[in-house]
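Undergrad: Input: one structure, supplied below.
The values are calculated or read from the model by the stated rules, or taken from the named source; none is laboratory data. Not measured: the values here are computed from a predicted model. All Cβ positions, even for glycine, are placed from backbone atoms using ideal geometry, and neighbour counts span all protein chains on display. With ligands, DNA and RNA removed, areas are computed over all heavy atoms of the protein, side chains included. Shrake-Rupley method; radii C 1.70, N 1.55, O 1.52, S 1.80 Å.
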Amino acid sequence: MAELSDKAREEFFSEAQEIIETLSRNLLSLDSTIKAGISDPSLINEAFRAVHTLKGLAGLFGAVRLGALSHRLEDVLDDLRLGRINLGQEVLDVLFGAVEAYTRILQAEKSDSDDDLDVDQQLFAELERIGAGATQRESPVADYELDPGLLAVLTEYEEHRLRANIELQMQLYRLRVQFDLSTIDKVLEEMKERAKRHGEIITYLPTGEATSADTIELDLLMASRDDLATLIGSLGADNVVIEEIPRRARRSHPATQPPRRPTALGRADSLGMQPDLERVGIEQAASLRSLTQTVRVDIRKLDHLMNIVGELAIVRSAFGRVAEKLRGEGQRKLAAELQRLHRNFDRRLGEMQDGILEVRMVPLGQVFDRLARVVRQISREVGKEIRLVITGAETEIDKLIVEELSDPLMHMIRNAIDHGIEPGQGRVEVGKPLAGTIALNAFQKGNHVMIEVEDDGRGINLSKLTEKAISLGKLTRSEAEEMSRDEMLALIFLPGLSTRESADDVSGRGVGMDIVKTNISKLGGVIDVHSESGIGTKMTITLPITLAIVSALLIQAGQHTLAMPLSSVSEAIAFDEGAVRLVDGREVITLRGQTLPLCRLDRLMEMESASDSASRRRFVVVAALGQRRLGLVVDFLYGQEDIVIKPLGKSLSGVRGFAGATELGDQRVGLVLDAAGLIEEVLAGGEAPRMLERASG
Amino acid sequence: MANLTQSTASRLARRIGDRGPVREFLMFALAGELYGVELTRIKEILSPPPITTVPRAPRNVVGVCSVRGLLVTVLDLRRTLHVEERPLTRRGRILLGAAESGEVIGLLVDEVRHVVRLAATEIEPAASALGGDVSEFVLGIGRPAGEFLILLDLPSVVSG
């Protein structure tokens, strides 16, 4: 790649990445429309535009390989949109292959390496092969009462659409519409959108017969399967006149054609190419506008801003203290004034914090799109038909979390396809539809985002799973006999466990679930599994919405001031030493009829006890994540505060129980508890899981 | 006075350039001994801010502190080097350096002295001075003008 400044390179990569993601999304939509038997030309068009833009971009930045691939791909997509090639699964495979190649090339360009060139060659060969299949077709357009002049100004693409629609037995209509010049862009778009329900607007040309200086009259050529009355009902208005374009009675008797009103479509030849150019101008203006409203920002810059906000929050607390001090010294008026400033500052700071957080949030759709590609690829590799149903792709979550999510989710989906979904015949035998369904659901629940990966496969075989765990020496037979269903299911998160005997190239040898769990807990999340034999498996990931700033409960345990993210606190209650019961060596209390395991934080962490701990009133902070709850016994509750969590350094990465540290003001640093880790540690007890159910009462 | 003359003489000698290339070391005191670390390895010298201890941390970790918003893990050099522990005095300082992982680490020392310039001839390599079984932390022994300076390899100290 040519010499560029780092910033320009970054820009180039992120823009190229975005375009490739758009392309991938288009191909996925195409895939599903083909399966549903519909063809949506706008999708091929968008894909074509994406590749075209990428080609331009590659040229601009001297990315030769990217440019070469785009060039070939553009040819194929052009053939596709003009109907010279039929779009089928095989062609789509090659197109998806091109998306993979793009990603690879981008990575290679980033690291300035030149590998995988042979793979490119193979892809090029396939693109060539597809392109060679292109055919020129006989035009059926002549069957219609369309002026040859109109046909002359149609672009090749519009002509193809016209032809395709006629082949689909669509009826052609002419819509004569008066537009207000000031709103034409918007109204025309709306009209196109509404027309989509009935068919497609192929082209539009001005009639040149404006009724006033502020209006313009256009003739729209539309193809639809609906009849005239339906169209008038749906699209008709005072400013819209709809007419059917009649089919010629016979091609060989042009003389029998009925007399027509002169229309713009009929007179298009006299207008030449002018309208077409105008339209291109409008489109370009629209796309330029949307570009200038978007700014790409490095997430580290946002982190930096967030740190500043955190520091400002400390300044804010200092303001509060000064105001208190002034009041104490009798300077009431000054104190009140400062207090007012303090409140104002506080509010603005809150707004700023929210604003920065909002910028960090991205829809989960970003990662879901990638997953959809993976599903398609794997399902074709293993020969299982998979229907992927995505809901809640618009759910927003911190950009950093999204980045870290794609690998774990990919593992889970791979497992679901490979281990969960039965092979086609097996499904039919048990009365399930041939195509397996994988549902990817996301939704927000309070301060958390839940992501479910659900399949309608055979479910997890618990006896096989426990046998495997026993044979690997992860637990003894007597322990296994005492385990509850949920505990058995949780075995899949142990390293090295797989219920399938053979390793294969999709999920490998049970690789993943332990790593998945580790990765999810690094993000402060938990994963729960639910499975019914023969019905399916559902994995639920619970994640915090953002990592950047969290509301936390400040507590005292021993000599330590600690922060506990509020998202994992369900409540805090006064601790009654007398209510503690000892079950199997573990302390529990009963909270609203349910057993709550306890953990004395100072003992667990081997911290020095507070000097007056025996006499003081203590508290239980109930930590809850997913289904699991744990009561942490602490010495004091300070209250709630917004904190910026900073990760502990690598030299402390082996220390369990802490998610990081945060500044508390007056230069002090407080440790932030890792609720997920603590719950895990205490409830698992570092030994065989026990049945807490037995402990109740 | 004799010392002073001697070091002036050696400084002069160095300026004349007859002793090969010189390296700059920051000299500091710890448990009665003098140590040196290469100056280029040190990012900053700090008066210790409040340090928060971290339960369950390795024994040589004092805790964490914040340096203008940056979270820094502080190591007690006394514990790393297995020398007698003693509470810090007001002369105690933290040397900031980078570990091999890139992480910024603080190193707690008793007192920072000054910078010494050592020529290759004034440095005894660890192996020849102390025999084979020497901790990887020690680069060698520096002998500027009759003094005895234990030279430490900062990256391996803060990574260890």
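Undergrad: Got a number for residues in region A:461-482 being more than 36 Å from the chain's Cα centre (by Cα) and farther than 21 Å from A:Gly534 by Cα?
TA: Counting residues in region A:461-482 that are more than 36 Å from the chain's Cα centre (by Cα) and farther than 21 Å from A:Gly534 by Cα gives 13.
Undergrad: Scan region A:621-640 residue by residue and report those that are part of a loop (DSSP other than H, G, I, E, B) and either open to solvent by 30 Å² or more (accessible area, probe 1.4 Å) or within 14 Å of chain B (Cβ to nearest Cβ) (or both). Let's see the steps before the verdict.
TA: First, pick out the residues of region A:621-640 that are part of a loop (DSSP other than H, G, I, E, B): A:626-627, A:635.
Result: A:Gly626, A:Gln627.
Undergrad: Would you mention how many residues in region A:560-608 are of a type in the set (Asp, Glu) and more than 14 Å from chain B (Cβ to nearest Cβ)? Step through it out loud before you land on a result.
TA: So the first thing to find is which residues in region A:560-608 are of a type in the set (Asp, Glu), and the list is A:571, A:576-577, A:584, A:587, A:602, A:606, A:608.
If we keep only those that are more than 14 Å from chain B (Cβ to nearest Cβ) too, we end up with A:571, A:576-577, A:584, A:587.
Adding up the residues that qualify gives 5.
Undergrad: Could you look through region A:429-447, keep only residues that are hydrophobic (A, V, I, L, M, F, W, C) and open to solvent by 70 Å² or more (accessible area, probe 1.4 Å), and pick out the one that is nearest to the chain's Cα centre (by Cα)? Break it down into steps so the answer makes sense when it comes.
TA: Initially, region A:429-447 is screened for residues hydrophobic (A, V, I, L, M, F, W, C), giving A:430, A:434-435, A:438-440, A:442-443.
Subset that is open to solvent by 70 Å² or more (accessible area, probe 1.4 Å): A:430, A:434, A:443.
Details: A:Val430: 34, A:Leu434: 28, A:Phe443: 12 Å.
Only one residue fits best here, namely A:Phe443.
Undergrad: Let me ask you something else. Take the residues in region A:641-661 that are within 15 Å of A:Val315 (Cα to Cα) and of a type in the set (Val, Ile, Thr), then tell me which one is nearest to the other protein chains (Cβ to nearest Cβ).
TA: So in region A:641-661, the residues within 15 Å of A:Val315 (Cα to Cα) come out as A:641-644.
Adding the requirement that they be of a type in the set (Val, Ile, Thr) leaves A:643-644.
Working: A:Ile643: 13, A:Val644: 9 Å.
Selected residue: A:Val644.
Undergrad: Right, here's the next one. I'd like to verify a number: residues in region A:448-491 that are open to solvent by 20 Å² or more (accessible area, probe 1.4 Å) and assigned to a helix (DSSP H, G or I), how many?
TA: Number of matching residues: 17.
Undergrad: When you look at B:Ile45, is it open to solvent by 70 Å² or more (accessible area, probe 1.4 Å) and of a type in the set (A, V, I, L, M, F, W, C), yes or no? Reasoning before the result, please.
TA: Working: open to solvent by 70 Å² or more (accessible area, probe 1.4 Å): yes; of a type in the set (A, V, I, L, M, F, W, C): yes.
The answer is yes for B:Ile45.
Undergrad: Still on this structure, I have one more. Among A:Thr53, A:Thr103, which is the only one that is within 21 Å of A:Gln377 (Cα to Cα), among the hydroxyl-bearing types (Ser, Thr, Tyr) and modelled with pLDDT of 80 or more? Quick ask: steps written out before the conclusion?
TA: Working: A:Thr53 fails: within 21 Å of A:Gln377 (Cα to Cα).
Only one candidate qualifies: A:Thr103.
Undergrad: Next up: Looking at region B:48-60 only, could you name the residues that are closer than 17 Å to A:Gly665 by Cα, within 7 Å of chain A (Cβ to nearest Cβ) and surrounded by 15 or more Cβ atoms within 10 Å (Cβ to Cβ)?
TA: The initial filter retains those residues of region B:48-60 that are closer than 17 Å to A:Gly665 by Cα, namely B:48-53.
Applying the additional criterion that residues be within 7 Å of chain A (Cβ to nearest Cβ) yields B:49-50, B:52.
Of everything in region B:48-60, those that are closer than 17 Å to A:Gly665 by Cα, within 7 Å of chain A (Cβ to nearest Cβ) and surrounded by 15 or more Cβ atoms within 10 Å (Cβ to Cβ) turn out to be B:Pro49, B:Thr52.
Undergrad: Of all residues in region B:1-29, which are modelled with pLDDT under 90 and within 16 Å of the chain's Cα centre (by Cα)? Show your work before the answer.
TA: Just the residues of region B:1-29 that are modelled with pLDDT under 90, to begin with: B:1-23.
Of everything in region B:1-29, just one residue is modelled with pLDDT under 90 and within 16 Å of the chain's Cα centre (by Cα), namely B:Arg23.
Undergrad: Against the condition within 14 Å of chain A (Cβ to nearest Cβ), open to solvent by less than 30 Å² (accessible area, probe 1.4 Å), assigned to a strand (DSSP E or B) and closer than 15 Å to B:Asp153 by Cα, how does B:Gly63 come out, does it pass? Full working, then the answer.
TA: Numbers: within 14 Å of chain A (Cβ to nearest Cβ): yes; open to solvent by less than 30 Å² (accessible area, probe 1.4 Å): yes; assigned to a strand (DSSP E or B): yes; closer than 15 Å to B:Asp153 by Cα: no.
It is false that B:Gly63 is within 14 Å of chain A (Cβ to nearest Cβ), open to solvent by less than 30 Å² (accessible area, probe 1.4 Å), assigned to a strand (DSSP E or B) and closer than 15 Å to B:Asp153 by Cα.
Undergrad: Return the residues of region A:318-356 that are open to solvent by 50 Å² or more (accessible area, probe 1.4 Å), of a type outside the set (D, E, K, R) and closer than 30 Å to A:Asp398 by Cβ; say none if nothing qualifies.
TA: A:Phe319, A:Asn344, A:Phe345, A:Met352
Undergrad: Which of the residues spanning region A:300-315 are surrounded by fewer than 17 Cβ atoms within 10 Å (Cβ to Cβ) and away from every other protein chain (no Cβ under 14 Å)?
TA: A:Lys301
Undergrad: Okay, moving on. Just to be sure, is A:Glu324 in contact with a helix residue (DSSP H, G or I) (Cβ under 8 Å, 6 or more places away or on another chain), over 30 Å from A:Met412 (Cα atoms), at pLDDT below 90 and not in a loop (DSSP other than H, G, I, E, B)?
TA: Numbers: in contact with a helix residue (DSSP H, G or I) (Cβ under 8 Å, 6 or more places away or on another chain): yes; over 30 Å from A:Met412 (Cα atoms): yes; at pLDDT below 90: yes; not in a loop (DSSP other than H, G, I, E, B): yes.
Yes.
Every residue, every condition in (1) in contact with a strand residue (DSSP E or B) (Cβ under 7 Å, 6 or more places away or on another chain); (2) touching a residue at least 24 places away in the same chain (Cβ under 8 Å); (3) surrounded by 20 or more Cβ atoms within 10 Å (Cβ to Cβ); (4) among the charged types (D, E, K, R), yes or no:
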| position | (1), (2), (3), (4) |
| --- | --- |
| A:Lys186 | no, no, no, yes |
| A:Glu189 | no, no, no, yes |
| A:Glu193 | no, no, no, yes |
| A:Leu205 | yes, yes, yes, no |
| A:Asp214 | yes, yes, no, yes |
| A:Met222 | yes, yes, yes, no |
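Undergrad: Considering only region A:646-661, state which residues are open to solvent by 40 Å² or more (accessible area, probe 1.4 Å) and among the aliphatic types (A, V, I, L, M).
TA: Of everything in region A:646-661, just one residue is open to solvent by 40 Å² or more (accessible area, probe 1.4 Å) and among the aliphatic types (A, V, I, L, M), namely A:Ala659.
Undergrad: Still on this structure, please answer the following. Residues that are surrounded by fewer than 20 Cβ atoms within 10 Å (Cβ to Cβ) and of a type in the set (S, T, N, Q), at least 1 per element: which strands (runs of 3 or more DSSP E) completely within region A:524-599 meet that?
TA: Numbers: elements: A:526-532, A:536-544, A:549-557, A:560-565, A:569-574, A:581-583, A:586-591.
Passing ranges, in order: A:536-544, A:549-557, A:560-565, A:569-574, A:586-591.
Undergrad: Identify the single condition in (1) facing chain B (nearest Cβ under 10 Å); (2) buried (at least 23 other Cβ atoms within 10 Å of the Cβ); (3) not in a strand (DSSP E or B) that A:Ala676 does not satisfy, given that it satisfies every other one.
TA: Answer for A:Ala676: the failing condition is (1).
Undergrad: Now for a separate question. Give just the number: which of (1) within 14 Å of another protein chain (Cβ to nearest Cβ); (2) surrounded by 21 or more Cβ atoms within 10 Å (Cβ to Cβ) does B:Leu151 not satisfy?
TA: (1)
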